[in-house]
Amino acid sequence: MPGADVFLTLLLLIVLELVLGVDNIVVITLISQRLPLKRQALARRVGLGFAIITRLILLAFAFALIKLVQPIFHLGEHPVSIRDLLLFFGGLFLLFTAIKELAHDIRGKKSEPVVSAARTFWVAIFKIVAFDILFSLDSVITAVGVAKDYWVMAVAIIVAVLLMILASDILAYLIKTFWRIRLLALCFLGLVSFLLLSESVHLGFDRSYLYVALLFSIFIEAVNSLHEKFNSKRSRR
């Protein structure tokens, strides 16, 4: 029978996985927005379902992840590892995506989902899984450092990903209901891209400030939107 310390470790890991997965939730939600409305939730669930498998595989071979942070070459005096390259190119892609989507919104053009959705659906799944791998590297390494038992780390990852599915559904609803939250999410995506780029060159920033600012901004925008709707209904009476 597992002791209380095991359950405390499990709870701590779940919280850490969720905190480290905030940026992942935003990215996954925005990727699914490119699909027809009826397939968006399915894409998020299928993508994160595959993500559970990839995270467990990464966890099983966690010792190999150590090699990802070992330098493979140097730029001047700065060591460059495989992890740095992944973060750098992932950050560039996210920055490009955020700018492209913001340009669509500023011009008043909505992202046009492809009606023949089979290929686009699986492209979205691939992007969700690929970005989950990118964002889960640090969380898997953290899990290995916090817990000793594989089953504890595995359960924490499964529970955290299931909660991420729920959180992505809620965020997707907020984006659909309050259009300005989509703009906030895209701006956050741009900030995450700079965060990845800064980490790739070993300029670390505290992510917690970014997450708190995002949550507070979403709360303010939701309150403003509700206030506007209430005033518009009252003025019609």
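Identify, from the list Ile99, Ile28, the residue that is of a type in the set (Val, Ile, Thr), surrounded by 11 or more Cβ atoms within 10 Å (Cβ to Cβ), modelled with pLDDT of 85 or more and within 24 Å of Ser208 (Cβ to Cβ).
Residue meeting the stated conditions: Ile28.
Is one or more of the residues making up region 4-20 under 15 Å from Val192 (Cα atoms) and surrounded by 18 or more Cβ atoms within 10 Å (Cβ to Cβ)?
Among the residues of region 4-20, at least one is under 15 Å from Val192 (Cα atoms) and surrounded by 18 or more Cβ atoms within 10 Å (Cβ to Cβ), which makes the answer yes.
Any residue that is surrounded by fewer than 16 Cβ atoms within 10 Å (Cβ to Cβ), more than 16 Å from the chain's Cα centre (by Cα) and outside any helix (DSSP H, G or I) - is there at least one of those in region 141-154?
Yes, some residue in region 141-154 is surrounded by fewer than 16 Cβ atoms within 10 Å (Cβ to Cβ), more than 16 Å from the chain's Cα centre (by Cα) and outside any helix (DSSP H, G or I).
Have a look at Ile170, Ile220, Ile175 and point out the one that is part of a helix (DSSP H, G or I), more than 13 Å from the chain's Cα centre (by Cα) and in contact (Cβ under 8 Å) with a residue 12 or more places away in the chain.
Exactly one of Ile170, Ile220, Ile175 is part of a helix (DSSP H, G or I), more than 13 Å from the chain's Cα centre (by Cα) and in contact (Cβ under 8 Å) with a residue 12 or more places away in the chain, namely Ile175.
I'd like the residue in region 173-186 that is out of contact with any Leu (no Cβ under 9 Å at 6 or more places or on another chain) and of a type in the set (A, V, I, L, M, F, W, C) and, out of all such residues, is nearest to Ala98 (Cα to Cα).
Trp179
Just name the residue that is surrounded by the most Cβ atoms within 10 Å (Cβ to Cβ) out of those in region 43-96 that are of a type in the set (Gly, Ala, Ser) and not in a helix (DSSP H, G or I).
Ser81
Please enumerate the residues belonging to region 164-210 that are surrounded by fewer than 20 Cβ atoms within 10 Å (Cβ to Cβ) and hydroxyl-bearing (Ser, Thr, Tyr).
Tyr173, Thr177, Ser198, Ser208, Tyr209
Out of region 211-237, which residues are among the aliphatic types (A, V, I, L, M) and surrounded by fewer than 17 Cβ atoms within 10 Å (Cβ to Cβ)?
Those that are among the aliphatic types (A, V, I, L, M) and surrounded by fewer than 17 Cβ atoms within 10 Å (Cβ to Cβ): Val212, Ala213, Leu215, Ile220, Ala222, Val223, Leu226.
What's the total number of residues in region 75-92 that are of a type in the set (Phe, Trp, Tyr) and free of Cβ contacts under 8 Å to residues at least 60 places away in the same chain?
Looking only at that region, the number is 1.
Is at least one residue of region 181-204 more than 19 Å from Leu95 (Cα to Cα) and of a type in the set (Gly, Ala, Ser)?
Checked region 181-204: no residue is more than 19 Å from Leu95 (Cα to Cα) and of a type in the set (Gly, Ala, Ser).
Could you tell me whether Arg39 is touching a residue at least 24 places away in the same chain (Cβ under 8 Å), touching a Phe, Trp or Tyr at 6+ places or on another chain (Cβ under 7 Å) and basic (Lys, Arg)?
Yes: the conditions hold for Arg39.
The values are calculated or read from the model by the stated rules, or taken from the named source; none is laboratory data. Owing to the predicted nature of the structure, the values given are computational and were not obtained by experimental measurement. Glycine also receives a Cβ, built like all others from the backbone with ideal geometry; neighbour counts cover every protein chain displayed.
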